[in-house]
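Note sheet for the following structure.
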Amino acid sequence: MRRTAVLGSAGTLIAGTLIAGAMAAPAANAADGGRRTVSEARGTAIAAAKAARTGIDWKDCPADWGLDRPVQCGWVSVPLDYSKPHGKQIKLAVDRAKSTGTKEERQGSLVYNPGGPGGSGMRFPLRITKKSPLWQKTAEAYDFVGFDPRGVGHSAPISCVDPQEFVKAPKLDPVPDSEADKRAQRKLAAEYADGCKERSGEMLPHMTTPNTARDLDVIRAALGDRKLNFLGVSYGTYLGAVYATLFPDHVRRMLVDSVVNPSREKIWYQANLDQDVAFQTRWDDWTEWVAKNDASFHIGDTQEKVQAQWLKLRAAAKKEPIGGVVGPAELIGFFQGAPYYDSAWVPTAEVWSKYLAGDEKALVEAAGPDLSDTAGNIAAENGNAVYTAVECADAKWPTNWKKWDRDNTRLHEDHPFMTWANAWMNLPCATWGVKQQTPVEVKSGKGLPPVLIVQSERDAATPYEGAVELHERLKGSRLITEKNAGSHGVTNLVNPCINERVDAYLLSGKTDSRDVTCEPHATPKP
């Protein structure tokens, strides 16, 4: 799951086998959609059979995509509505870098999703071209394949507001001081929901995780792979879990990293409340680290002093936006990187340290908008639109403001860092103008092989309990826990205890006979 403070991852498939496999899943999920689920399964089979025949016409990527040779790009057509497979089609952008090993070593494609909802996987093949040491062995066995999910980037992108308006700052302080502040935020959220429907209404009913999972199966068929090899991070773990539920016998290898809790009771309202608690925990980890490294940063030599400096910074930005553009909302948008990723610990503290030393330029550049970055602003607005559209369509959200107000007011008392910012970001779902679905009941199905789950113990964006929940639901899965660590996205960090097991799984399907706990990766140093 991504967070941005805004409002306020061998052979051609025979068509007959594909149809049989795709039609096998609905019986296990009959309660989830009845007749429509069956028709969508049939539609997926039809689309995948067509994609298997058509394949992908790989070419050099368009110059403005920033993906140079040997990365190649192509398109896969999928139905907008899988219950109408011969109806309107949309094109999904895909790319690949071919495996570096011999023909005998190649095991197919490894398809990647980085999360979101709203994240693009198109840069994943660069891990081959840049010879990333963590992925060297895997690159010998697999083509690395990325894609823009439906609605994202080059794949029939959706929009909710004008991108330049979207990035303008400063925005309203997420933490309300009064009922008037709450009314203002509610108005913005309702307007955002209306804007989504006005600008992207045709797409919105079909912007769901199950549809993206169906897209993934069509991509698998277009790649010529009989079964899917998949790496999903963050929201990509939920996409993988839904795919494993709908198409269990189409999975060959599935590695999920930093897991969204797949429980129907969590998707998505409660998952976001749980996230607020985890973000506060990891924020406290970071401020404690900043205090221990006061000789480098000079922010405060105790956690209490660092927290006091944070509140002082917030107050100053509220009174007069820093550089005219960085208010409390923009501060949260920047500082949330530290709880999210260990790689942000040092640079975030350095920017803060410079500000306290009298240099506000670094903070303005890091946290403020860049109105000249038109392409970047379009991508940011699109990513937020997809995030909102998928989470709002996937599940039914509370429509009673009193519940939102009560839950977030209570949670904010002890977990103030992200609670209200998170609430306003998701509030458009309370007035969403499109039918909201019932989440898939994630569980093992016939033919599902062991799934490898990797999770840090103190992850802010996807709390650890989500990995435990998915592990319990997917029989035969194995859980690797990185204890006393909290970076989001573990498989791309240097930790031999994890890296060696990831290689073993992707290369041979091998897992440990039991779950594994690894020591944490190295703590960042100033």
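Listing for the model above:
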{"item": "Counted residues, segment 390-415 - those being surrounded by fewer than 16 Cβ atoms within 10 Å (Cβ to Cβ) and not acidic (D, E)", "result": "9"}
{"item": "Among residues of segment 354-407, those that are closer than 30 Å to G323 by Cα and not in a helix (DSSP H, G or I), counted", "result": "10"}
{"item": "Which listed residue, of D173, D177, D249, is in a helix (DSSP H, G or I), at pLDDT 95 or above and not small (G, A, S)", "result": "D249"}
{"item": "Tally of residues being under 25 Å from A375 (Cα atoms) and out of contact with any His (no Cβ under 8 Å at 6 or more places or on another chain) across segment 50-76", "result": "18"}
{"item": "Unmet requirement for V494, which otherwise passes all of (1) surrounded by 14 or more Cβ atoms within 10 Å (Cβ to Cβ); (2) closer than 30 Å to H298 by Cβ", "result": "(1)"}
{"item": "Residues satisfying the stated conditions in segment 105-136, i.e. touching a Lys or Arg at 6+ places or on another chain (Cβ under 7 Å) and assigned to a loop (DSSP other than H, G, I, E, B)", "result": "G115, G116, G118, G119, P125"}
{"item": "Count - residues of segment 313-351 that are out of contact with any helix residue (DSSP H, G or I) (no Cβ under 8 Å at 6 or more places or on another chain), under 14 Å from P170 (Cβ atoms) and either among the acidic types (D, E) or buried (at least 24 other Cβ atoms within 10 Å of the Cβ) (or both)", "result": "1"}
{"item": "Qualifying residues in segment 139-185 (those that are touching a strand residue (DSSP E or B) at 6+ places or on another chain (Cβ under 6 Å) and of a type in the set (A, V, I, L, M, F, W, C)) - the one nearest to S99 (Cα to Cα)", "result": "F144"}
{"item": "Residue that is in contact with an Asp or Glu (Cβ under 8 Å, 6 or more places away or on another chain) and either within 20 Å of G433 (Cβ to Cβ) or not in a loop (DSSP other than H, G, I, E, B) (or both), where the choices are G232, G240", "result": "G232"}
{"item": "Enumeration of residues in segment 196-212 that are in contact with a helix residue (DSSP H, G or I) (Cβ under 7 Å, 6 or more places away or on another chain), surrounded by 22 or more Cβ atoms within 10 Å (Cβ to Cβ) and assigned to a helix (DSSP H, G or I)", "result": "C196, L204, T209, P210, T212"}
{"item": "Pairs, first modelled with pLDDT of 95 or more in segment 261-276, second among the small types (G, A, S), C-beta under 7 Å, six or more apart", "result": "N261/A271; N261/G466; P262/A241; I267/A395; W268/A395; Q275/A461"}
{"item": "Answer residue from segment 92-104, given it is part of a strand (DSSP E or B) and among the small types (G, A, S) and is nearest to the chain's Cα centre (by Cα) among those", "result": "A93"}
{"item": "Condition check for A139: surrounded by 19 or more Cβ atoms within 10 Å (Cβ to Cβ) and either in a loop (DSSP other than H, G, I, E, B) or touching a helix residue (DSSP H, G or I) at 6+ places or on another chain (Cβ under 7 Å) (or both)", "result": "yes"}
{"item": "Set G224, G232, G236, G240: member being surrounded by fewer than 21 Cβ atoms within 10 Å (Cβ to Cβ) and modelled with pLDDT of 95 or more", "result": "G224"}
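So that you can scan it fast, the table gives a plain yes or no per residue for (1) among the acidic types (D, E); (2) within 30 Å of T209 (Cβ to Cβ):
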position: A316; (1), (2): no, no
position: F334; (1), (2): no, yes
position: S372; (1), (2): no, no
position: D394; (1), (2): yes, yes
position: T399; (1), (2): no, yes
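The values are calculated or read from the model by the stated rules, or taken from the named source; none is laboratory data. None of the values given here were measured: they were computed from a predicted structure. Ideal geometry is used to build each Cβ from the backbone, glycine not excepted, and the neighbour counts take in all protein chains shown.
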